[in-house]
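Following: one structure in structure tokens, then a few remarks.
Read the figures in this text as sums done on the coordinates, not as results from a lab. Just so we're clear, the structure is a prediction, and the values are computed from it rather than from any experiment. Cβ atoms come from the backbone with ideal geometry, glycine included; neighbour counts cover every protein chain shown.
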Amino acid sequence: MEQHFNIPIQLFCVVSTLGDLTPIRFRYETAEHEIITVHISEILARKETRLAGTRELIYTCAAEVEGKQHLFYLTYHVNLHRWTLTRFLT
């Protein structure tokens, strides 16, 4: 099942000497105010888009959450310097 979000997240990443970002883990707050930390096991794809003139980097990532493998779409809004969890695939 696919769920669409626009949840702001805190993201820990590695930046190469060329400026390339590699997400490592992220955390977000649920509606019940619980903090969930997700360790990214694999980055499957990275693409750059422009939405309404705003540059975005979209990462397709895999991670294990509660014993199950899931896919996530993480978006970095370059002009705003913000990360969001935009889609969650179960």
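Descriptive notes on the structure:
- Placing a label point 7 Å from the Cα of THR30 along the Cα-to-Cβ direction, the residues of the range 58-85 with a backbone N closer than 12 Å are 66.
- Site pair THR49 and THR22 shows an inter-label distance of 2.5 nm when each label is modelled 7 Å from Cα along Cα→Cβ.
- Under the simplified labelling scheme, the VAL15-THR90 pair shows an inter-label distance of 3.6 nm, with each label point 7 Å from Cα along Cα→Cβ.
- Local electrostatic count, LEU11, Cβ distance below 10 Å [Lys/Arg +1, Asp/Glu -1]: +3
- Near-label residues of the range 59-90 by backbone N, under 19 Å of a point 7 Å along Cα→Cβ of ASN6: 59, 73-89
- Matching label, P(r) over Cα pairs in 5 Å bins from 0, in percent computed from the structure shown, candidates (i) 2, 10, 13, 12, 10, 8, 7, 5, 5, 5, 4, 5, 4, 3, 3, 2, 1, 0; (ii) 2, 14, 25, 25, 19, 12, 3, 0; (iii) 3, 13, 25, 29, 17, 9, 4, 0: (iii)
- Taking the chain as a Gaussian network of alpha-carbon nodes connected by springs under 10 Å, the highest mean-square fluctuation of the residues PHE72, PHE12, PHE26 belongs to PHE12.
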